[in-house]
Each structure stands twice: as C-alpha cells, then as structure tokens.
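Undergrad: Quick one: structure below, then a few questions.
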Amino acid sequence: MRYFYDTEFLENGHTIDLISIGIVAEDGSEYYAVNKTALWDRIAQDPWLMDNVVPHLPPRTDPDWKTHVEIANDVSSFLMPDEDGIELWADYAAYDHVALAQLFGRMINLPPQIPMFTHEFQQAWNAMGRPALPEQTDGLHYALADARHLKACFEHLGGPPASI
C-alpha cells in the first residue's frame, strides 16, 4: 500500500519538532493530527510558521489535537501493510521522514511495518523530466491538503518512473 504524507514542523537547524501530520493512503483513507505537545511557545515566535502553518490548524478544541504518544499510536495503526508492504511518499521527504520516525523515538524504534525511508517525489518527478503537475489551489502548508495534493500529483503522473 502506498501512503502519501506531509508534516509541518518547527526546526532550528538542530531539531525537528512535529506540529502536524497528514497521511493519505492509496485507497483514499486519511489521517490527520496536530501535536498538542509541540513547543507552542517557540512556534509562536516563528513568523513563517505563524503566517503559513498555524492559520490552517483546527481550533484547539478539535479532536485532531493529540499528544505526541497518541499520534505515534495512531500512525502505527494507520500505516498497515498489504501484500506489497508499505511504500511511503513525501514531497521534499528528508525532514518529513525524520519527523515521522521521531514519533517513535530513534529510527531503530520504528514499528516493524514502517519503512526506514520515504520515497522522494521531487526525485521521481525530476527523473520523469518534470512534466506538468496539477496546481495546488488551496491548503498549502496544511499537512492533510498537502498529502492529498501529493497523491493527486502521483496519480497524474501514473506512478513513479521505472528507474525509481
């Protein structure tokens, strides 16, 4: 099963702290959560996050606000392999994979069904010659909308090139 995901995070060049995660499965099922235990005092001091990410978050009373541990448990349950296992895809995946892996502590603590790497959409798209993609018209930096758009782009291209 392919899963397309995006994370929003606070990073300072040394650490990556998850703000939100959106995952869309190949079958259309979805998961979204906001980390209520994130470093909100530091997030509030980051103008880019306050302008681009925080406005897309649901109200703090929304059930999508969960603790780091709840998100880890949910993600572990949501990412379930089929006969082909799990294939993770993200756009600019390096930080996304770290944010995902750190839900479980160190990378070696990933649940056994979750791969230790994420396929990089930008690399696959570049290998295909950078053909036209659908435009994302709303929800930029809203993790679930970004994951939905990634899935739409992947499907528009007909999947990864044979060389990836």
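Read-outs: derived from the displayed coordinates by stated rules, not from any lab. What you are looking at is a predicted structure, and each value in this text was computed from that prediction instead of being measured. Quick reminder, even Gly has a Cβ in these numbers, built from the backbone with ideal geometry, and neighbours come from all protein chains shown.
Undergrad: Using only the alpha-carbon atoms, how far is helix 143-157 inclined from the longest principal axis of the chain? Give it as 0 to 90 degrees, nearest 10.
TA: Orientation of helix 143-157: about 10 degrees from the principal axis.
Undergrad: 222 nm [θ] for the chain, helices only, -39500 (n - 2.57) per DSSP H run of 4+, per residue, to 500?
TA: Taking each H run of at least 4 residues, the total per residue is -9000 deg cm²/dmol.
Undergrad: For the residue pair Val69 and Phe117, what label-to-label distance in nm results when each label sits 7 Å from Cα along the Cα-to-beta-carbon direction?
TA: Rounded to a tenth, the inter-label distance reads 3.4 nm.
Undergrad: For the chain, just the Cα set please: Rg and Dmax, both in angstrom.
TA: Considering the chain through its Cα atoms, Rg and Dmax are 15.4, 46 Å.
Undergrad: For the chain, what relative contact order do you get, as a whole percent, if you take Cα pairs closer than 8 Å and at least 6 residues apart?
TA: Reported as a whole number, the value is 30 percent.
Undergrad: Over the chain, with a Gaussian network built from C-alpha contacts below 10 Å, which listed residue (Ala94, Ala143, Ala25) shows the highest mean-square fluctuation?
TA: The residue that fluctuates most here is Ala94.
Undergrad: Determine, from the Cβ-Cβ distance of Ile86 and Ala132 and an R0 of 41 Å, the FRET efficiency 1/(1 + (r/R0)^6), rounded to the nearest 0.05. Write down the numbers at each step before the final one.
TA: Numbers: r = 29 Å, r/R0 = 0.71.
Efficiency computed from Cβ-Cβ geometry: 0.90.
Undergrad: Treating the beta-carbon of each Lys and Arg as +1 and of each Asp and Glu as -1, no other charges, what is the dipole magnitude of the range 2-157 about its Cα centre, to the nearest 20 debye?
TA: So the magnitude is around 340 debye.
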